[in-house]
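In what follows, a structure is listed as structure tokens, so that the remarks can point back to it.
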Protein chains: 2
Amino acid sequence: MFAACLVKRLSLYRRVLGALASPEGWAGGLGSSDGEYVFSHDLASLAGVSAAQVRRDVMTIGYTGSPRRGYDVAGLIGRIGEFLDAPGGQSAVLVGLGHLGKAVLAYVGGRRTGLRIVAGFDVDPAKCGRVIHGCRCHGMEALAEVIAEHGANVGLVAVPGAEAQNVSIQLVRAGVRGLLNFAPVRLQVPEYVFVEDVDITVSLESVAFFARHDAVRRQAMIKEAVR
Amino acid sequence: MFAACLVKRLSLYRRVLGALASPEGWAGGLGSSDGEYVFSHDLASLAGVSAAQVRRDVMTIGYTGSPRRGYDVAGLIGRIGEFLDAPGGQSAVLVGLGHLGKAVLAYVGGRRTGLRIVAGFDVDPAKCGRVIHGCRCHGMEALAEVIAEHGANVGLVAVPGAEAQNVSIQLVRAGVRGLLNFAPVRLQVPEYVFVEDVDITVSLESVAFFARHDAVRRQAMIKEAVR
């Protein structure tokens, strides 16, 4: 039984560890890691959690480090992968090939992970049949068939807000059980579907707002927020 | 004194309202809105909050609706803009012009908002002097000068994890006061800097993980998470 936050932390640890293990090394000045081994407190500091949390999480997935040298970086990356990734890889589809959809295709397609975006969909006939960033694009009428063919169970929703609910229902009917939603609405889907919202515009607008307000006011705002 | 969550909700309301007011209308079946007026409970349902929350938030920014017709959509969009946006527009810079950075440029550049990405930066000399998605790109050595020239106070960090901390410090030294961080590390910056993390990979990996686990297990996981 694993909590969503554990899964996210493990995903983050893996990315941090990947950077540590990369040939370019770590430019941020992580003194005590040699790229082969890392201490829980160093991994914790890079991931923004406590060292105790890191140790607990690593224990949960059945990995152990050495008190003297810390965790073996490659070994821990491997163990996280065994826990997080589908053994034979996993397929996702993306709906909505506007600016954002294409951007996500380029970004996700550029990373080598166990999860692959196998098809894109759009209502615009001009986009059907094209290959965008290595991904074959189809009209919406092919959705159910293509999802079944690839056994895709993950859907990325990058359509305008007004269409997102409708598209999500179509994805769920076709067998999708996890949705990454970039549209600016909260989706209403059956309980057995996992939804995660990513709203770049909302995040950017809040950064812009608070960048204009000085530290004193911001402190008061934070107080307000935690009240 | 405004909480970060209020700012995010207002940004989300504006996007939902924008979709309601668009010529294509709302395909999701929002019966009681005619595109000109919307009731607090309809806006609430689309934004995934309670109607009482919507009414409180709208009252906070000094706007009122009519009990019979609801809120005037265009009027509320306008009032949210007065609250959220800098009167003369606001400038941001983006560091890191890899897949993700270019994707973000395309996406944010394609939206017409008060916030504009005025410059991009990268360590790769091949990218300097180029215009990518309408945005002029420079080497890192020009960072402080370009930021000062535009009075930019927002920075988007799209560099690899190992470089994000170093880049953030450079941005803050040059006058940036809000950071949107796409890199997979938690940034350590002075208290007066506002940081928001967006991690598409972590979100996608957690969606993929939970898409593979059935409803029964997921319920148990959620219980675990809220314990």
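The values are calculated or read from the model by the stated rules, or taken from the named source; none is laboratory data. In this text the structure is predicted, and so the values were computed from the model without any measurement. Here Cβ is always computed from backbone atoms with ideal geometry, including for glycine, and neighbour counts include all displayed protein chains. Note: areas computed on protein heavy atoms with side chains; ligands, DNA, RNA excluded. Shrake-Rupley method; radii C 1.70, N 1.55, O 1.52, S 1.80 Å.
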15 Å reach of a label modelled at A:Ala148, 7 Å along Cα-to-Cβ, counting backbone N of the range A:161-192:
A:171-176
DSSP bridge pairs, the range A:90-199: antiparallel proportion in percent, nearest 5:
10
With angles folded into 0 to 90 degrees, how steeply does helix B:51-60 sit against the dominant principal axis of chain B? Use alpha carbons for both and round to 10.
60
Compute the long axis of helix B:200-211 from its Cα atoms, compare it with the longest principal axis of the Cα atoms of chain B, and write down the angle in degrees, 0 to 90, nearest 10.
50
Within the under-13-Å Cβ sphere about A:Ile80, not counting A:Ile80, Lys/Arg +1 and Asp/Glu -1 give a net charge of 0
As a check on your reading of the symmetry: which chain B residue has its Cβ nearest the axis that brings B onto A, and how far is it in Å?
B:Ala103, 2
B versus A: buried accessible surface, summed, Å² (probe 1.4 Å, to nearest 100):
7100
In whole angstrom, the spacing between the Cα centers of the range B:109-182 and the range A:121-171 equals 33
Inter-copy distances for A:Gly109, nm, shortest first, label points 7 Å along Cα→Cβ, are 1.8
For a quick check of your reading of the filter: which GluC sites (Glu not before Pro) in the range B:109-151 sit in a DSSP loop and have no more than 11 other Cβ atoms within 10 Å?
none
Report the percentage of all Cα-Cα pairs in the protein assembly as shown whose separation exceeds 32 Å, rounded to a whole percent.
42
Heavy-atom accessible surface, probe 1.4 Å, ligands and DNA/RNA ignored: which residues of the range B:132-176 lose at least 40 Å² versus the isolated chain?
B:Ala162
Tell me, what HN-Hα J-couplings in whole Hz come from the Karplus equation 6.51 cos²θ - 1.76 cosθ + 1.60 at θ = phi - 60° for each residue of the range A:44-49, using x for Gly and Pro?
4, 5, 5, 8, x, 10
For the pairs A:Lys8/A:Lys127; A:Lys127/B:Lys127; A:Lys102/B:Lys8; A:Lys8/B:Lys127, note any where the Cα-Cα span goes beyond 27 Å.
A:Lys8/A:Lys127; A:Lys127/B:Lys127; A:Lys8/B:Lys127
What does the accessible area per residue of chain B come to in Å², with a 1.4 Å probe and no ligands, DNA or RNA counted?
44
Given 20 °C, 1.002 mPa s and a Kirkwood radius over Cα pairs, the Stokes-Einstein diffusion coefficient of chain B in µm²/s is 107
Nm distances between the label at B:Ala148 and the same-position labels in the remaining copies, 7 Å along Cα→Cβ, shortest first?
6.5
In nm, one decimal, shortest first: how far is the label point of A:Gly134 (7 Å from Cα along Cα to beta carbon) from the matching points in the other copies?
2.9
5 angstrom amide H check on A:Ile117, placed H, neighbours 5+ away
A:Ala92
Rounded to the nearest 5, what % of DSSP beta bridges with both residues in chain A are antiparallel?
20
Among the GluC sites (Glu not before Pro) in the range B:173-215, which ones are in a DSSP loop with at most 11 other Cβ atoms within 10 Å of the Cβ? Mind listing them?
B:Glu191
Relative to chain B, whose Cα atoms define the longest principal axis, helix B:73-84 and its Cα axis are tilted in degrees, nearest 10, by 40
